[in-house]
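Below: the structure, in structure tokens.
The values are calculated or read from the model by the stated rules, or taken from the named source; none is laboratory data. Keep in mind that this is a model prediction, so the values were computed, not measured. Please note: Cβ atoms are built from the backbone with ideal geometry, for glycine as well, and neighbour counts cover all protein chains shown.
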Amino acid sequence: MTLAPNGSSSNMAHSIPRPRNYAQPSRVAVVMIGLFTLVVGIILSSIPWLDYIILKNLKLRDGSLSFHYWQKPGVIRLTKVYIFNVTNADNFLALGEKPKLQEIGPFVYSMLVSLACVKSEQPFKIEQILKF
């Protein structure tokens, strides 16, 4: 027997609610969701739908998405060129001194590539011309 906060005696064992057993239905739901996911995964992995979509879009046909990216790639190529000037060329050539170099640059060149289909006699043999 214990004392309540107001000083009266009460039996605390009757006032504490017992926990309910909710674990069983949630375990069943988790197992059912897992089995459903497993079955859907097996069905989707047995059908080669992803291969079909990829191979369909990889063919270079006029108007296709792959032809558009092949014709005009979205990458601009930047080339940086550094030139070095030998400031003591006479002493380097005559006396064999270590050369003193002065860096000049960088000179940056950009190149945007655009491809044109000249002729396509076979589906997988396409001649191309680079336009700068």
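Name the single residue that is surrounded by the most Cβ atoms within 10 Å (Cβ to Cβ) among those in the stretch 65-98 being out of contact with any strand residue (DSSP E or B) (no Cβ under 7 Å at 6 or more places or on another chain) and among the hydrophobic types (A, V, I, L, M, F, W, C). Here the answer is F67. The residues of the stretch 99-111 that are under 26 Å from the mean Cα position of the chain (by Cα) and surrounded by 11 or more Cβ atoms within 10 Å (Cβ to Cβ) amount to a single one, M111.
Of the residues screened, N21 is one that is modelled with pLDDT under 90, polar (S, T, N, Q) and in a loop (DSSP other than H, G, I, E, B). Count of the stretch 61-103 residues, restricted to those that are among the basic types (K, R), over 30 Å from V113 (Cβ atoms) and without any contact (Cβ under 8 Å) to a residue 12 or more places away in the chain, is 1. If you go through the stretch 46-62 and keep only what is of a type in the set (S, T, Y) and either in contact with a strand residue (DSSP E or B) (Cβ under 9 Å, 6 or more places away or on another chain) or exposed (fewer than 10 other Cβ atoms within 10 Å of the Cβ) (or both), you end up with just S46.
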